[in-house]
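The values are calculated or read from the model by the stated rules, or taken from the named source; none is laboratory data. Here the structure is a predicted model, which means the values were calculated and not measured. With ideal geometry, Cβ positions are generated from the backbone for all residues, glycine too; neighbour counts draw on all protein chains shown. Please note that ligands, DNA and RNA were not included when accessible areas were found on the heavy atoms of the full protein model with its side chains. Shrake-Rupley method; radii C 1.70, N 1.55, O 1.52, S 1.80 Å.
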Amino acid sequence: MRDYEPYFTEDGSVGLYSYADKDVYHSKFGALTEAWEKFILPAELENMDFEKLKVLDVCFGIGYNTKALMSFLINNVKIKKKNIFTKLCYLVSRGVNNIFNKGGILSLPIVSIDDNKNYSFIIDCLDINDELVKLCPLFKTLKTPGEVYDSIIPQIFTCFDSYYTLRNVFINIASGFYPKNRKEINELLDLKFRDMHIEKEYKINEYVNYILLNRLYEQFGKDYFSKELKKIIREKKNRRFFDKPLKKYAQFNHFWGYNKSSRWNLSAFLHNIYYGYLSIRYKKGKFKAIESLFNVNFYINDARKSILTLNVQYDLIFLDAFTYTKAPQLWSMEFIEELYKRTAPSGLLMTYSTSAQVRNTLLENNFYVGKIYHPKTGKVIGTIASKDKSKIKHPLTPYEIGLCNTKAGIPYHDPNLSFSSKEIMELREYEFQHSELMSSSRYMKIRRDTNA
């Protein structure tokens, strides 16, 4: 984290500022909001049969795209409830030992997933920075001033104008107390916390971070909660960005392990789950049932190397690499070709980039390409691609395709997926200088004069 500084965005979620790139990784409006609007909503999962969903998250970072996806899936999986007290009494009547399974974990099948569905979600996450990946479940999301006010004042009063007048006054006062980012970051982003808000449907489900913690613990074992990680979390400047119950849960896993068999450890585990907002009764059973649906894997390496080890056809691919001028190796013809090979016939690839260069790279790799619109403003905020033409609701216009065929659309090349960023940039610059294609500025002028 010495190379990054966390900051609160306007929806209360945490973003990252990179010292090396002197730039931010997340928009000022909200890291979590951006994940929903650029990756989850455009996928239209509600119209998709997501029973056996396979997802690739390129440049996982601190995981907002995956967290938003998991939240959507959890909120839309049908849970069947059973009476915990009846079940518990039945088990106790047959002997205390029958309450525990062979691993010593409390076995209370009080909930079950919809019997008509065989849900299974595979999420493969690629990133080169193991530190950020390990920290991802521990970041908190602030409760915004508006949410605090709404939790205090009953919703029944929303019919009165005074409700909103007082709400605005409260938000103006509360925004003066938090969050406190570094001055330079606030100025760079022009952050205005009086308008802090996040849509209810954009919230991270309470189970998501616990599931990710368990998966990280399973993958890294005792190496997960290392001295370096604890040092970062304990640093005074970082403490306010991390969630206390989640930190306690991670500490418990480190010292005891959530799968220990002794009765004493089991009690400690259940108490800790309760402390982290998961009840010992119904929610414990629901949590275990939902957790079993997710197979989350982390590949910590150069994404170009990791992609070659994967032999999966993905229904969704989130291409959320840092801007192509800073990380050209993840926007090259050759890397996109590897993504194309791993896209299911009706799969979707989504990215925040709207550049002619990125779109032309997708077109050159035989993707059908379209636009992602903001759900409220109607502005173009991203690009969507698929092998299936019917999946593209808003295809590129002839003007946009023409722009892709100018010098602006010249793609990056990364032979054998082995060039450095500098070599990739220099190769494209050489192609740009020696290209006979029309410049983008001339193309736009001609189109403008023609339309005039």
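The table that follows gives values for the structure above.
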{"quantity": "From phi via Karplus (6.51, -1.76, 1.60), per-residue ³J(HN,Hα) for the stretch 122-134 in Hz, x at Gly/Pro", "calculated": "9, 10, 9, 10, 10, 6, 8, 9, 5, 5, 5, 4, 5"}
{"quantity": "Ranking by accessible area, most exposed first, for Val312, Val208 with a 1.4 Å probe", "calculated": "Val312, Val208"}
{"quantity": "Charge sum, other residues only, whose C-beta stays under 15 Å from Arg448's C-beta, Lys/Arg counted +1 and Asp/Glu -1", "calculated": "+1"}
{"quantity": "Rg and Dmax of the stretch 321-376, Cα atoms only, in Å", "calculated": "11.5, 35"}
{"quantity": "Protein-only accessible surface order, largest first, of Arg182, Arg240 at 1.4 Å", "calculated": "Arg240, Arg182"}
{"quantity": "Within the stretch 46-62, backbone nitrogen closer than 20 Å to the virtual label 7 Å beyond the Cα of Asp388 toward Cβ", "calculated": "46-57"}
{"quantity": "Most positive-pole-ward Cα, Phe432, Ser418, Ser306, against dipole of the stretch 296-452 from beta carbon charges", "calculated": "Phe432"}
{"quantity": "Hz values of 3J(HN,Hα) by residue in the stretch 310-317 - Karplus curve (6.51, -1.76, 1.60), Gly and Pro given as x", "calculated": "9, 10, 10, 9, 8, 7, 9, 10"}
{"quantity": "Accessible area of Glu44 in the full protein assembly, 1.4 Å probe (Å², nearest 10)", "calculated": "60"}
{"quantity": "Accessible area in the full protein assembly, largest first, 1.4 Å probe, for Glu436, Glu46, Glu37", "calculated": "Glu436, Glu46, Glu37"}
{"quantity": "Vicinal HN-Hα couplings computed from phi for the stretch 166-174 (Karplus, 6.51 cos²θ - 1.76 cosθ + 1.60; Hz; Gly/Pro x)", "calculated": "5, 4, 5, 5, 4, 5, 4, 6, 5"}
{"quantity": "Charge-dipole axis of the stretch 336-398 as Lys and Arg at +1 and Asp and Glu at -1 on Cβ define it, positive-most pick from Met350, Pro375, Ile392", "calculated": "Pro375"}
{"quantity": "Cα-based shape type of the stretch 292-428, given that a ≥ b ≥ c are square roots of the gyration tensor eigenvalues and the cut on a/c is 1.5", "calculated": "oblate"}
{"quantity": "Solvent-accessible area of Met444 with every protein chain in place, 1.4 Å probe, in Å² to the nearest 10", "calculated": "70"}
{"quantity": "For Asp23, residues with placed amide H under 5 Å, excluding near neighbours", "calculated": "Ser18"}
{"quantity": "Area of His394 that stays accessible when all protein chains are in place (1.4 Å probe, Å², to 10)", "calculated": "80"}
{"quantity": "Whole-percent carbon and sulfur share, accessible surface of the stretch 294-359, 1.4 Å", "calculated": "47"}
{"quantity": "Subset of Lys38/Lys237; Lys288/Lys393; Lys140/Lys389; Lys247/Lys391; Lys288/Lys379 violating a 32 Å alpha-carbon distance limit", "calculated": "Lys288/Lys393; Lys140/Lys389; Lys247/Lys391; Lys288/Lys379"}
{"quantity": "Cβ-Cβ FRET estimate between Ile152 and Phe322, R0 fixed at 30 Å, reported to 0.05", "calculated": "0.15"}
{"quantity": "Segment Val312-Asp223, extension gain: residue separation times 0.36 nm, minus the distance between their alpha carbons", "calculated": "29.2 nm"}
